[in-house]
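Right, one structure below, let's go through it.
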Amino acid sequence: MTTSAVEPGTGPTPDPAGGRALDGRVAVVTGATGALGRVVAARLAEAGARLVLAGRDEARLREVASDLGLTDDGWLAVTGDLDAAGSASVAKATEATFGAVHIVVHLVGGYAGGTPIAETDPTDLESMIDQHVWTTFHLARAFSEPLSRGGFGRFVAVTSPFGFNPPGRNAAYAAAKAAQQSLVLSLAQEFRGTGATANTILVRTIDAKRERITAPTSANARWTTPEEIAATILWLCRPDAERVNGVALPLFGGPTPG
Ligand SMILES: NC(=O)c1ccc[n+]([C@@H]2O[C@H](COP(=O)([O-])OP(=O)(O)OC[C@H]3O[C@@H](n4cnc5c(N)ncnc54)[C@H](OP(=O)(O)O)[C@@H]3O)[C@@H](O)[C@H]2O)c1
């Protein structure tokens with residue numbers, strides 16, 4: 001019988017290389033106030049990265065930094081929308097403060113859906129495209145040169161299997177996630193040979209309450225906890241993951257999401 005000190009899907013995954021794989025690296029996290037963003041920010045900081053938390057509300061960003069015990073010299077808040085100017089400001093402020101940027105983990109999100117296309121308000125499609133596509137495009141534009149300049153760069157986003165296998169009643173979200181996926185994988189092609197990588201993780205549902213483990217059902221069997229996703233993001237960001245570029249990595253416990 002094997003035993004584990006950590007309940008599956010909950011705690012941080014022990015790092016076989018000893019924990020501080022990202023010492024000296026600078027990581028931008030968007031959506032850091034979200035369910036996944038907080039956990040990812042924590043793991044990046046534990047691995048030694050200095051953090052730039054980009055979001056719309058400075059008070060919420062400060063709360064995250066305080067919860068994580070970040071020191072003033074270990075993090076920076078940049079507030080504003082992730083439009084063209086806002087994304088460029090994040091890149092500029094990051095380099096001005098820390099002298100470099102090595103990692104961008106893009107975790108802005110939101111969901112609109114549940115209705116057939118005929119009943120879907122056009123503003124739902126607009127909001128999904130705004131959140132998932134335009135933010136990714138503007139960030140990729142702002143960070144592709146700085147990430148590929150220094151021989152080490154990582155760009156990671158969390159997309160959805162709905163992007164390539166869309167169910168009904170989710171057209172706006174699925175279309176936006178498909179476009180986000182294409183943007184990141186295009187960036188990966190442009191990164192070839194630079195030491196920078198761009199990858200996506202495919203998640204069916206973020207299981208923030210760990211119901212897959214505490215109350216398993218057939219419906220939550222494909223869900224993934226924030227800790228499991230964060231461990232995978234951390235792995236993609238490690239220096240020894242440089243050969244992983246242009247991957248859409250499924251994280252739903254099986255070859256298919258359904
Ligand atoms: N939840 C799921 O089941 C699921 C499934 C597949 C993929 N994903 C993806 O995983 C990532 C994290 O999801 P999550 O569930 O942790 O998200 P979440 O808890 O809903 O948090 C969303 C985050 O995005 C920020 N945000 C939303 N719209 C924004 C905008 N227009 N500009 C800037 N920031 C904005 C929010 O910031 P504020 O503090 O300013 O509101 C918040 O930090 C997202 O990319 C999501 O699409 C999620």
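The values are calculated or read from the model by the stated rules, or taken from the named source; none is laboratory data. Here the structure is a predicted model, which is why all the values come from computation and not from measurement. Counting neighbours? That spans all protein chains shown, and the Cβs are built from the backbone with ideal geometry, glycine included.
Residues of the range 168-207 that are at negative phi, exposed (fewer than 15 other Cβ atoms within 10 Å of the Cβ) and either assigned to a loop (DSSP other than H, G, I, E, B) or of a type in the set (D, E, K, R) (or both): Gly168, Glu190, Arg192. Tallying residues that are surrounded by 17 or more Cβ atoms within 10 Å (Cβ to Cβ) and either farther than 14 Å from Val104 by Cα or more than 17 Å from the chain's Cα centre (by Cα) (or both) within the range 233-244 yields 0.
Does the range 207-246 hold any residues that are touching a helix residue (DSSP H, G or I) at 6+ places or on another chain (Cβ under 8 Å), closer than 20 Å to Leu147 by Cα and either in contact (Cβ under 8 Å) with a residue 12 or more places away in the chain or within 12 Å of the ligand (Cβ to nearest atom) (or both), and which are they? Listed by number, the residues that qualify are Ile233, Leu234, Cys237, Ala241, Val244, Asn245, Gly246. The single condition from (1) within 14 Å of the ligand (Cβ to nearest atom); (2) of a type in the set (A, V, I, L, M, F, W, C); (3) without any contact (Cβ under 8 Å) to a residue 60 or more places away in the chain that Phe191 fails is (1). Could you tell me whether any residue of the range 69-79 is hydroxyl-bearing (Ser, Thr, Tyr), over 18 Å from the mean Cα position of the chain (by Cα) and more than 15 Å from the ligand (Cβ to nearest atom)? Yes: one or more hits.
Gly109 fulfils the conditions (1) at pLDDT 95 or above; (2) closer than 19 Å to Thr232 by Cβ; (3) surrounded by 16 or more Cβ atoms within 10 Å (Cβ to Cβ) except for a single criterion, (1). Only one entry in Leu61, Leu22 is near the ligand (Cβ under 9 Å from one of its atoms), buried (at least 20 other Cβ atoms within 10 Å of the Cβ) and not aromatic (Phe, Trp, Tyr), namely Leu61.
Every residue, every condition in (1) of a type outside the set (Gly, Ala, Ser); (2) more than 16 Å from the ligand (Cβ to nearest atom); (3) within 23 Å of Ala35 (Cβ to Cβ), yes or no:
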| position | (1), (2), (3) |
| --- | --- |
| Gly151 | no, yes, no |
| Phe155 | yes, no, yes |
| Phe162 | yes, no, yes |
| Asn170 | yes, no, yes |
| Tyr173 | yes, no, yes |
| Val184 | yes, no, yes |
| Leu187 | yes, no, no |
| Thr205 | yes, no, yes |
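Within the range 155-167, residues that are at negative phi have Cβ atoms under 6 Å from residues that are in a strand (DSSP E or B) and within 9 Å of the ligand (Cβ to nearest atom) in these pairs: Ala157/His106; Val158/Ile201; Thr159/Leu202; Pro161/Leu202, counting only partners at least 6 apart in sequence or on another chain. Suppose the filter is within 11 Å of the ligand (Cβ to nearest atom), out of contact with any Lys or Arg (no Cβ under 8 Å at 6 or more places or on another chain), within 19 Å of Arg238 (Cβ to Cβ) and not in a loop (DSSP other than H, G, I, E, B); does Leu53 pass it? No, not satisfied.
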